[in-house]
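Values in this text are rule-based calculations from the coordinates and carry no lab data. Computed from a prediction, not measured in an experiment: that's the story for all the values here. All Cβ positions, even for glycine, are placed from backbone atoms using ideal geometry, and neighbour counts span all protein chains on display.
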Amino acid sequence: DRKTALETLKLIIKMGYRIVKNPPTQIKSYAGNKDYIFISYAHKNADKVFEVIAELQKVYRIWFDEGIEPGSDWEESLGIHITKASAVIAFLSNEFLDSPECEKEILKTKEENKPVIWICLDDWNTVKECAKGKLKNILEEYDKYQGIVYSNYSNVSELVKKVAETEILNPCRNM
């Protein structure tokens, strides 16, 4: 019944488990030894992000948190996959900035000196203004790099064409 389901959900949250919106069945996280792109995003933006991932996977090998094996340590697995990734695409939004997990991913990305492609889901200036702490310093540092603003493209295919112009992602192409 509804009361039991709600109690179960509260228990799951209390125990620290994450409930993640499942991606559409046509997208799967890359599992293999070739170069791949790590995707960093806030789960509240999953609908937009999964739509972009579906298009990106037509061109690139993409790893995102759907690839974490059940029972694995979440943070450890993310750290390992950032370390092994050739590049990172981060989907910036106000929700991203509010996410401690996203902050950890970007700090690890910086620590590993990984190239980052920023896809801004919200207005870039608003995102920069909302940033705080360590993430604010990192965004200011990365501000000198060209990002991609989601709303500047009429559709996801056009956005992915722009991403595909990025040479640093070439090792991750499906061949």
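Of note:
- Integer Hz, Karplus 6.51/-1.76/1.60 couplings in order for the stretch 158-175, x for Gly and Pro: 5, 4, 5, 4, 5, 4, 5, 6, 7, 5, 5, 8, 3, x, 9, 5, 6, 10
- Low-density loop cleavage sites - trypsin sites (Lys or Arg not before Pro) in the stretch 35-108, where at most 13 other Cβ are within 10 Å (DSSP): Lys58
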